[in-house]
1. Is one or more of the residues making up the range 154-163 free of Cβ contacts under 8 Å to residues at least 24 places away in the same chain, charged (D, E, K, R) and surrounded by fewer than 19 Cβ atoms within 10 Å (Cβ to Cβ)?
2. Just checking: which of the strands (runs of 3 or more DSSP E) contained wholly in the range 70-145 hold 1 or more residues that are under 25 Å from V50 (Cα atoms) and of a type in the set (D, E, K, R)?
3. Go through (1) open to solvent by 10 Å² or more (accessible area, probe 1.4 Å); (2) under 24 Å from R155 (Cα atoms) one by one and return the number of the condition G36 breaks.
4. Considering each of T129, T92 in turn, give the residue that is over 24 Å from A183 (Cα atoms), out of contact with any Pro (no Cβ under 6 Å at 6 or more places or on another chain) and among the polar types (S, T, N, Q).
5. Using beta carbons and a limit of 6 Å, which pairs, at least six apart or on different chains, have the first residue in the range 1-24 and within 21 Å of N175 (Cα to Cα) and the second one open to solvent by 10 Å² or more (accessible area, probe 1.4 Å) and polar (S, T, N, Q)?
6. Looking only at the range 6-18, how many residues end up being open to solvent by 10 Å² or more (accessible area, probe 1.4 Å) and more than 13 Å from the chain's Cα centre (by Cα)?
7. How many residues does the range 170-191 contain that are crowded, with 18+ Cβ neighbours inside 10 Å, assigned to a strand (DSSP E or B) and of a type outside the set (S, T, N, Q)?
8. Would you be able to say whether some residue in the range 64-83 is in contact (Cβ under 8 Å) with a residue 60 or more places away in the chain, under 21 Å from Y185 (Cβ atoms) and not aliphatic (A, V, I, L, M)?
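The values are calculated or read from the model by the stated rules, or taken from the named source; none is laboratory data. Keep in mind that what you see is a predicted model, and the values were worked out from it rather than measured. Here the Cβ positions follow ideal geometry from the backbone for every residue, glycine too, while neighbour counts run over all protein chains shown. Accessible surface is based on the protein model in full, side chains and every heavy atom, while ligands, DNA and RNA are left aside. Shrake-Rupley method; radii C 1.70, N 1.55, O 1.52, S 1.80 Å.
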Amino acid sequence: MAWRISGTYIAACSCNLICPCPTDGPPTSADGQCRGVGVFHIADGNLDDVDLSGVDVVLVNHFPSNLTAGGWKLGIVVGDGASDEQANAVETIIKGDEGGPFADFAALTDEWMGMERGSVSFSDGDRPTGSVAGVDFTFEPLPGPEGSDSETTVRNAAFGFAPEFRVGKSSGHFNVHGIEFDAIYGETADYEFASEMEEGAAKGRG
């Protein structure tokens, strides 16, 4: 089946600034493991004839080491506003059952923690915010060079959710799918994923 989703995401994790996971570096949290959440707002998308526009989904991760070492734990929380059909379609995509970049993630995942339904929200802007099961978190960008209006970005990371993403700080105490942590690092960008993606086709806004 063919699928495509696009929109904006905000992510937070337990790594100290800056999280090296997108570049396959070892996590920088106190115990050397990365625990995180990412709220993905699907502005436009579908799985075949199932319209996914407007769905908010949280990707929950536990990375015990650098990403290519494997051993990942992944799960999702789909917002209460989605129908059961939409929720099942999103799980099928992110679990990696329908190909695309999430199938590559599945090859590194030892445990799929499943799907939960819950309260999920997303608000876009210069400092986007997300909410997971009543826990709100905000992206606070790291500034660029002194005297400029720019912000710190990462480009062309091997495991980036977008070709370029803004990096900064976040906060909040999370316990989702049994993954409990205090957030330190944050990132955000626009994203586009599909079941069949041409090289360089992914789009992102830092």
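1. No, that holds for no residue.
2. The strands (runs of 3 or more DSSP E) meeting that bar are 109-118.
3. (1)
4. Criteria check complete, one pass: T92.
5. Taking only residues 6 or more apart or on different chains, the pairs are A12/S170; S14/S29; C15/T28; C15/S29; N16/T28.
6. Qualifying residue count, the range 6-18: 4.
7. Summing the residues that are crowded, with 18+ Cβ neighbours inside 10 Å, assigned to a strand (DSSP E or B) and of a type outside the set (S, T, N, Q) in the range 170-191 gives 10.
8. yes
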